[in-house]
Every structure is written in structure tokens, then in C-alpha cells.
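The values are calculated or read from the model by the stated rules, or taken from the named source; none is laboratory data. Keep in mind the model is a prediction, meaning the values are calculated, not measured. Cβ placement follows ideal geometry from the backbone for every residue including glycine, while neighbour counts extend to all protein chains displayed. Note: areas computed on protein heavy atoms with side chains; ligands, DNA, RNA excluded. Shrake-Rupley method; radii C 1.70, N 1.55, O 1.52, S 1.80 Å.
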Amino acid sequence: MRRFKQGALSKGAVAGALIAAALFAACANVNPLGPLTGETVGEQAQEIEPMLAEAGFETLNATTPEQKLQLKTLPPLKLGYYRDNNGAANYWMADPDYCNCLMHGDEAAYQRYEDNKLEHEVAQRDREEMQARQQQQMMMMPPPGFGPGFGSGFGPGFGSGFGFSGGSFGFSF
């Protein structure tokens, strides 16, 4: 995941983003970020944060004790938004546990994230369907060595002749 170097963003920018997210958390639209059931918080973060970064969300690390405290007041791993003074939507996700950061993006980054998430879900569903078909085919196949077929074999035996047995052709001498 792309991370900004310490000091790459001013402390004011990080503090401003944290304050804006905290102020708007109560009145913002907050939605879960996807299929998060059955996963630990760390696993959820490892799945979501790279997708957000790929879509163009910036990682704003909480570096001061005040920023860390503010970050812990936000709903973790929930996507929220607020409108800035110009009316533009700004999206954020707080992660006080895994990366100790706030992911922040604009409308275009959010749309890219939604497109990527949909592609990921479709690909996952396709993989699951293919695995189900393969398992079904495996269950329909007879065990190895059984079923129709033609074969011949030679081995020790008494007498002479040939015969058919179990779908195979054998000789004995």
C-alpha cells in the first residue's frame, strides 16, 4: 500500500482531515465497505485499503497523540463522506487499528473504488462458480479404474483362452 513519508503532508493537513472527518462523522452517510463478515479487523483492512489506495485515496497517518485520539473516535473501516465549503464530496475511512491512518479521497477516487470493488466481486463470484462446477464434475466422475473401457493384460494363469470381464479384454495362458 502506498504510504506518505513522515512529514510529506503537513501536520495541519492531517489534523484538518481528521477534524473534518470527526465533525462530519455524526451527520455523514457512513456505509460498510463490502463483504466484511467472518474476517478480523486486520484482514478487512488488508483487503480494503489497497483497493482505496489503487483508486486514488490518500493515506493520512495520525502522528500526534491528538490525531490518534481523534482517529479512534471515528467509526473504523466504514466509508463516510462530507461536503467541503465548495460543495464537493470528500470520502474518508478511518483505520485506528491496522494502519493508524485516515484514507481520504475525492469523488473521482470514490467512483474508481466502487468500479474496482464491483469488478473484484464479479471476479470472486466467477471463481466460486467455477470451483462449484469443478467439484460437481468431480463428484459425477467414477473412481479411477472403474467405468467403460477396453484393455488387455497378460499374467500368470492356467489354461488358454480369452474372456471379457468388467469392460476390459484379457488373456490368460
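Roughly how many Å² of Asp97 are accessible to a 1.4 Å probe, to the nearest 10?
Near enough 100 Å² of accessible area.
Tell me, in nm to one decimal, what length is gained between Glu43 and Met138 on full extension, where the rule is 0.36 nm per residue of separation less the Cα-Cα distance?
My answer for the length gained is 31.0 nm.
Based on the Cβ-Cβ distance from Lys68 to Ala123, what FRET efficiency comes out when R0 is 35 Å, to the nearest 0.05?
About 0.45, to the nearest 0.05.
Heavy atoms only, probe 1.4 angstrom, no DNA, RNA or ligands counted: give me Lys68, Lys117 ranked by accessible area, highest first.
Final ranking, largest accessible area leading: Lys68, Lys117.
Fully extended, how many nm does the chain gain between Asn86 and Glu54 (0.36 nm per residue separation, minus their Cα-Cα distance)?
Answer, rounded to one decimal: 9.0 nm.
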